[in-house]
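The values are calculated or read from the model by the stated rules, or taken from the named source; none is laboratory data. Computed from a predicted structure; not experimentally measured. FYI the Cβ positions are ideal-geometry reconstructions off the backbone, even for glycines, and counts take in every protein chain you see. The area values use the complete protein model at the heavy-atom level, side chains included, leaving out ligands, DNA and RNA. Shrake-Rupley method; radii C 1.70, N 1.55, O 1.52, S 1.80 Å.
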Protein chains: 2
Amino acid sequence: MTDTLKSGQRRPPSMADVAQHAGVSSQTVSRVSNGLTNVDESTRDRVLASMQALGYRPNGAARALKRGRFNSIGVIMFTLATFGNMRTLDAIATEAAKADYSVTLIPLADQTLGAVSGAYRRLNDQAVDGVVIVFEAHLIDRGEIALPPGLPVVVIDSNAGSGYAVVDNDQIEGARLATQHLLDLGHRQVHHIAGPTTSFSAMHREDSWRSTLRASGITPPSVHHGDWSTESGYQITLALAADPTVTAIFAANDQMALGAMRALHQLGRDIPGDVSVVGYDDMEEAHSFWPPLTTVRQDFHSVGRLAMERLFEQIAAGGAALSGPSGLGGVTTVPTELVVRESTGAARGVSGR
Amino acid sequence: MTDTLKSGQRRPPSMADVAQHAGVSSQTVSRVSNGLTNVDESTRDRVLASMQALGYRPNGAARALKRGRFNSIGVIMFTLATFGNMRTLDAIATEAAKADYSVTLIPLADQTLGAVSGAYRRLNDQAVDGVVIVFEAHLIDRGEIALPPGLPVVVIDSNAGSGYAVVDNDQIEGARLATQHLLDLGHRQVHHIAGPTTSFSAMHREDSWRSTLRASGITPPSVHHGDWSTESGYQITLALAADPTVTAIFAANDQMALGAMRALHQLGRDIPGDVSVVGYDDMEEAHSFWPPLTTVRQDFHSVGRLAMERLFEQIAAGGAALSGPSGLGGVTTVPTELVVRESTGAARGVSGR
DNA sequence: GCCGTTCATGTTGACGCAAACATACGGTCA
DNA sequence: TGACCGTATGTTTGCGTCAACATGAACGGC
């Protein structure tokens, strides 16, 4: 008896099981399950009791199959380890939940072509209505690997050329604000610790830093590429600060700025007395760094929200008709903002200005 | 004609559409789609071409329905904003991908009873084979809200009493190491900036800190509860350091430790000359704080890996038979490790020891 | 030349659910 | 009384896929 129950109960109970147990039709169970009102009070109670008794749990796959919607969106990401990605994911998940969608994570082992096409293939097995790609690589533009056709797509952190809908922070303006801020403080030169060349964001920031300097008639010094880590910021600054004329450093993210400040502390340089440092991101910790870091705040929440908006538009429009390289491209840009704290100050020999 | 194609093509193409287009049966399409070998070369090519032409994409829901497996696990999390949660999620996603599972995020708006039961309800609509709960609240133990019965569950950051399988870092040992380290340096008293009382981890660390002091015959001072944020660490330390006899602070996470150090910097106290600070987590930035932070390293990757192992065990065992308060409970503990850097030093008047 | 074997391919049915349609019953109003 | 309505419930059907079985053609051994 008990044995029958256990071994026979290989599959979880279905509506039919609940229906039989409660002595109603499976359709009535469906109605109760979906909270429809046209069910008699006593019948509803009976069905709910049976559900409880049998441990019934609706089968999401069957429901999705019937409805033709999965209420789920995929997020392809290379790493969760960076502040920006994490915040973006958080925003996406929050927005998705509001629209009653869930978020399926499709992680990328590395940024090789193989891993990317693997993720795309994986996408085929996933029940998703659309995809957000948070991508730090140029790989997406290569025609060799094709996203499943007809799937709504929004890309974060890419360039405009892809033909996909793109949402991103205004990297150009952010880097300009940071660089100009240092120039306005009287610094004659601004050195840049850039992010990896595989990142569109990093390249945009670097380009903007360079053109901002040029606009002031300054020849940009050679750039140094880190990998977003504090350690890379530390190492680069150690080398950079060997030159005593260096008075202003703009790092492409807060973590590298933190590493830079550690190097400066170690070398006995005063911040901002001897060297000013600007970061990028405004991570939560930045205001507690020593000294509190002047940085560019990125509004990741808005990025996530807008990405979901764009995606929902595509989903509502039927996806297939609109997405893909030929379709609903265009870039949505989210403003960035300079947050001035205590890691920046007037250049030596300059009184305020 | 074109119109027919567009408006008629409301639903994405199915196997039947591909089959018709290629002039084969849908079963043959299925065989090609699943990479079975018993298909003639020429037929396969024809089918693949038709798939391409129609933009065919397998329907995950139908597949899952047929197979009875979703190859997806749910993760219920309150916030992605803390370092530990993010790292844990990263590890879970990585492990899941290895086993060819994807991860569905089920975010919790807040830690109220309503939000939790909402997440559980949500779970019903999700196609998942099991759930990892990364939970900072005691709510899980309340009988009022029941997880769907028969669903494999692993809990991270909980206590042992729940009856669910629990995986967590060894909080007891970690806090003991931190406290003992400060005592060994000659500090007569160790103050604690604890995490919120809703967090099991925080409570475990606090308890362990207290009993470590008692083991050395020291009466624990009153504890201060922060909310994990740098700001709370800052505020608490501002108050705490008004007392000049305070020479050692153990914060329950690195972010609060960072806030503490900022307060000490501001008050002109030397670290570690006047006050030693120990954190908890060993986030990537900690070694670049100023001074580099002595802290307790948590092995989040192992936690994620073990959580998935436990979950897969349950899934393999048939879930229903084993999970739930009566079943496969037990706690898996992951060792923690003290990382000594420069934020701690001998107490004033003590020469080394 | 008959039978068994092998392989490519087709046909059928079922997974669990819910939309659409069908029924049944009690009451209302002309 | 009978046409009509609203409400609670049941019945049928099909979503897209794939396992199981069915078919049919090519081939080799006797």
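A few comments on the model shown:
- Placing one equal scatterer on every Cα of the range B:171-299 and applying the Debye formula, the log10 ratio I(q)/I(0) at q = 0.15, 0.21, 0.23 Å⁻¹ is -0.58, -1.23, -1.52.
- For the residues of B:12-25, the average number of beta carbons from a partner chain within 10 Å of their own beta carbon is 1.
- Taking A:Gly114, A:Gly55, A:Gly174 in turn, the Gaussian network model of chain A (Cα-Cα springs below 10 Å) assigns the largest fluctuation to A:Gly55.
- The overall shape of the protein assembly as shown, judged from the alpha-carbon gyration tensor, is oblate: a/c is not under 1.5, and a/b is no greater than b/c.
- Other-chain or far-sequence residues with amide H under 5 Å of A:Asp170's (modelled H): A:Val334, A:Thr336
- C-alpha long axis of helix B:171-184 to longest principal axis of chain B, angle in °: 30 degrees
- Once Rg and the Kirkwood radius are both taken over the C-alpha atoms of chain B, their ratio Rg/Rh works out to 1.15.
- Accessible area of B:His21 in the full protein assembly, 1.4 Å probe (Å², nearest 10): 110 Å²
- Compared with the dominant Cα axis of chain A, that is its longest principal axis, helix A:230-240 is turned about 10°.
- Nearest-ten-degree value, helix A:41-54 long axis tilted from longest Cα axis of chain A: 70 degrees
- Inter-copy label distances at A:Pro221 (7 Å, Cα→Cβ; nm, one decimal): 4.4
- Taking the Cα centre of the protein assembly as shown as reference, the dipole from Cβ charges on Lys and Arg (+1) and Asp and Glu (-1) amounts to some 1660 debye.
- Within the assembled protein chains, the solvent-accessible surface assigned to B:Met51 is about 30 Å², based on a 1.4 Å probe.
- Overall form of the range A:155-241 per C-alpha gyration tensor (a/c, 1.5; a/b vs b/c): oblate
- Length-normalised contact order of the range A:210-313 in % [C-alpha pairs under 8 Å, at least 6 apart]: 20 percent
- Amide proton proximity set for B:Val296, modelled H, under 5 Å, gap of 5+: B:Gly279, B:Tyr280, B:Asp281, B:Asp282, B:Val339
- For chain B, the relative contact order comes to 18 percent (Cα pairs under 8 Å, sequence separation of at least 6).
- Shortest-first nm distances, A:Ser302 label point to equivalent points in other copies (7 Å, Cα→Cβ): 4.4
- Label spacing, shortest first and in nm, from B:Ala316 to its equivalents in the remaining copies (7 angstrom along Cα→Cβ): 4.7
- Between A:Gln126, A:Gln171, A:Gln298, the GNM of chain A built on Cα springs shorter than 10 angstrom shows A:Gln126 fluctuating the most.
- Take each residue in A:96-109, count the other chain C-beta atoms within 10 Å of its C-beta, and the mean is 5.
- Separation between Cα centres of the range A:14-53 and the range B:69-93, rounded to whole Å: 34 Å
- Once exposed loop GluC sites (Glu not before Pro) are cut out (DSSP; at most 16 other Cβ, 10 Å), longest piece of chain B: B:145-341
- Accessible area buried, both sides summed, chains B and A with 1.4 Å probe, Å²: 4900 Å²
- Over the range A:1-100, Cα pairs under 8 Å with separation of 6+ residues give a relative contact order of 22 percent.
- DSSP bridge analysis restricted to the protein assembly as shown gives an antiparallel fraction near 10%, rounded to the nearest 5.
- Top of B:Leu151, B:Leu65, B:Leu89 by mean-square fluctuation, Gaussian network on chain B, Cα under 10 Å: B:Leu65
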